[in-house]
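Let me begin by presenting the structure, written as structure tokens, before commenting on it.
The values are calculated or read from the model by the stated rules, or taken from the named source; none is laboratory data. Not measured: the values here are computed from a predicted model. Cβ: placed from backbone, ideal geometry, glycine included. Neighbour counts: every protein chain shown. The protein model used for the area step is the full one, side chains on, heavy atoms only, and it has no ligands, DNA or RNA in it. Shrake-Rupley method; radii C 1.70, N 1.55, O 1.52, S 1.80 Å.
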Amino acid sequence: MSKSILIIGSLNMDMTIPVEELPQKGETILGGSPSYIPGGKGANQACAAGKLGGRVAMLGKVGRDQMGRALKENLAAAGVDVSHVEETSDAPTGMAVIYVDKRGSNSIVVIPGANGCCDRAYVEANEALIAAHDIIVLQLEIPYDAVFAAVRLAKKHGRMVVLNPAPAPDSLPDEVISALDYFTPNETELARIAGMAAGSVREAEAAGKRLVEKGVGTVLATLGEAGALLVTREEARLVPALRVDAVDTTAAGDTFNGAFVTALAEGTPEAEAIAFANKAAAISVTRKGAQTSIPTREELDAWQPPRP
């Protein structure tokens, strides 16, 4: 049986608006008809793990409203255990407003809502749930002190910890960095947290090495079209991305993370787990939306990349 996964993080309803070009500072533009799609980095990663066959549970908060119920129902349909997702009357369900241009690039504004109530006390009250799962996956769309508390509790119980540092802070406490088994930034997040450029593969490798020297077990940086860069004390290895025509890159990174931990949970070797995650992410960018773009395991197994 595969290892169990607990994803602690955000649940949002995404309002996606198609535009010709992303708006510039001070610019007013016209958009197409909005669509409402379940999202949130935590929920996206849980959805990906669930659709791809992982044994996954979600810990987070939604408002006591129709959007919150819809988010929980959608995750449950993807195979995620949502019995620990709490409905709160203190805030509405979180939202994200996403502008997607004709090339598939996006710009996102996140409204935390109930995610802001996913605090340290809530995480600490669920210590037994953390202890009961093998792999703990976190992002940074809930309060930082809750994330840091989850990292400490996971390490206390000897669990694997995966942190996807999005949205990226300027820095992370050394005690948190040194507790991470896997650190999965994109190139922008890697540059900000490492405090150095990461625009090229060589620069990203140097930035990853800096974080490994601070105690991270493995840095796995997603570099867009270049692929995924694995950095450990012993090696740096680039696993190329699959070439596809992108329609919408929303949740591509979340799909990658959910797929990667699902493969790890099944005992897949690291390099194969990265290739599995690359494939899932490649499929996701050929579709619109966040959780709607994530493939099922059957779709992933049957999919073949287009010929060059």
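What to note about this one:
- With respect to being under 16 Å from VAL162 (Cα atoms), open to solvent by less than 40 Å² (accessible area, probe 1.4 Å) and not in a helix (DSSP H, G or I), LEU264 falls outside the description.
- Of all positions in the stretch 249-264, at least one carries a residue that is at pLDDT below 95, within 26 Å of GLY104 (Cβ to Cβ) and of a type in the set (A, V, I, L, M, F, W, C).
- Extreme residue, farthest from VAL137 (Cα to Cα), among residues of the stretch 64-74 that are in a helix (DSSP H, G or I) and either open to solvent by 10 Å² or more (accessible area, probe 1.4 Å) or polar (S, T, N, Q) (or both): GLN66
- The residues of the stretch 294-308 that are out of contact with any Leu (no Cβ under 6 Å at 6 or more places or on another chain) and more than 22 Å from LEU138 (Cβ to Cβ), listed by number, are PRO295, THR296, GLU298, GLU299, LEU300, ASP301, ALA302, TRP303, GLN304, PRO306, ARG307, PRO308.
- So VAL247, is it among the β-branched types (Val, Ile, Thr) and touching a helix residue (DSSP H, G or I) at 6+ places or on another chain (Cβ under 8 Å): no
- Search result, residues across the stretch 88-121 that are open to solvent by less than 20 Å² (accessible area, probe 1.4 Å) and either in contact (Cβ under 8 Å) with a residue 60 or more places away in the chain or closer than 18 Å to ASN164 by Cα (or both): THR93, GLY94, ALA96, ILE98, VAL100, ASP101, GLY104, ALA114, ASN115, CYS118
- Across the stretch 8-63, the number of residues qualifying as over 28 Å from ALA125 (Cα atoms), of a type outside the set (D, E, K, R) and not in a loop (DSSP other than H, G, I, E, B) comes to 7.
- Looking only at the stretch 75-87, and only at residues there that are exposed (fewer than 15 other Cβ atoms within 10 Å of the Cβ) and small (Gly, Ala, Ser), the one that is nearest to ILE283 (Cα to Cα): ALA77
- Selection status of LYS288, of a type outside the set (Gly, Ala, Ser), assigned to a helix (DSSP H, G or I) and open to solvent by 40 Å² or more (accessible area, probe 1.4 Å): no
- Residues (modelled with pLDDT under 95 and either of a type in the set (Ser, Thr, Tyr) or more than 15 Å from SER10 (Cβ to Cβ) (or both)) located in the stretch 99-152: TYR99, VAL100, ASP101, LYS102, ARG103, GLY104, SER105, ASN106, SER107
- Among the residues of the stretch 212-239, just one is open to solvent by 30 Å² or more (accessible area, probe 1.4 Å), in a loop (DSSP other than H, G, I, E, B) and in contact with a strand residue (DSSP E or B) (Cβ under 8 Å, 6 or more places away or on another chain), namely GLY217.
- THR250 vs. criteria open to solvent by 40 Å² or more (accessible area, probe 1.4 Å), over 16 Å from TYR182 (Cβ atoms) and touching a residue at least 24 places away in the same chain (Cβ under 8 Å): no
- Restricting the stretch 240-261 to residues that are of a type in the set (S, T, N, Q) and in a loop (DSSP other than H, G, I, E, B), the residue that is nearest to the chain's Cα centre (by Cα): THR250
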